[in-house]
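Novice: Would you mind keeping the following structure in view while I ask a few things?
Only the coordinates and a few stated rules stand behind these numbers; no lab work does. Values in this document were obtained by computation on a predicted structure and should not be read as measured data. Here the Cβ positions follow ideal geometry from the backbone for every residue, glycine too, while neighbour counts run over all protein chains shown.
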Amino acid sequence: MANTRSAKKAIRQTERRTEVNTSRRSRVRTFIVKVEEAIASGDAAAAELAMKNAQPEIVRGAKKGVLHRNTASRKISRLTKRVKALSA
């Protein structure tokens, strides 16, 4: 258990950041799932729209430190590839 004031404050800050990061990560995952569902349904227009909405959210997750930037780039790349294959 924390003894000093600074250690107690650090615990409070960590709890707040954890809560925010959890919600951000969840939001990113939700957008990714929406794209995957649209791809699974076979609707190219819906997949395109879902991808258009998901891409900025994934990038935002990387900027906020919830995802590594290479991970974000890889997810965007793979999802885009699957959406394009659907419309081709």
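Novice: Compute the distribution of all C-alpha to C-alpha distances in the chain, in bins of 5 Å from 0, and list the percent of pairs in each, rounded to whole numbers.
Specialist: 3, 15, 20, 17, 13, 10, 7, 5, 4, 3, 2, 1, 0
Novice: Please rank 51, 1, fewest neighbouring Cβ atoms within 10 Å first, as an exposure proxy. All intermediate terms of the calculation are to be shown ahead of the outcome.
Specialist: Details: 51 23, 1 5.
Going from least to most buried by this count: 1, 51.
Novice: What size of dipole, in debye to the nearest 20, comes out for segment 5-87 about its Cα centre when the only charges are +1 on Lys and Arg C-beta atoms and -1 on Asp and Glu C-beta atoms?
Specialist: On the way: 22 positive and 7 negative charges, 155 e Å.
That gives segment 5-87 a dipole magnitude of about 740 debye.
Novice: Under a plain spin-label model, where a point goes 7 Å from the Cα along Cα-to-Cβ, how far apart in nm are residue 33 and residue 52?
Specialist: Result: 2.4 nm between the two label points.
Novice: Further question on the same structure: Round to the nearest 0.05 the FRET efficiency obtained for residue 14 and residue 41 when R0 = 41 Å and r is the Cβ-Cβ distance. Please report the intermediate quantities before stating the final value.
Specialist: On the way: r = 40 Å, r/R0 = 0.98.
My answer for the efficiency is 0.55.
Novice: Grab the DSSP H runs of the chain that are 4 residues or longer, score each as -39,500 (n - 2.57), total them, divide by all residues and round the 222 nm result to the nearest 500 deg cm²/dmol.
Specialist: Working: 3 runs with 76 residues, N = 88.
Per the formula, -30500 deg cm²/dmol.
Novice: Let me ask something else. For segment 38-82, max minus min Cα coordinate along each principal axis, in Å, sorted largest first?
Specialist: 32, 15, 11
Novice: Let me ask something else about it. Can you list the lysines whose alpha carbon sits under 20 Å from that of residue 75, skipping same-chain ones fewer than 8 residues off?
Specialist: 34, 52, 63, 64, 84
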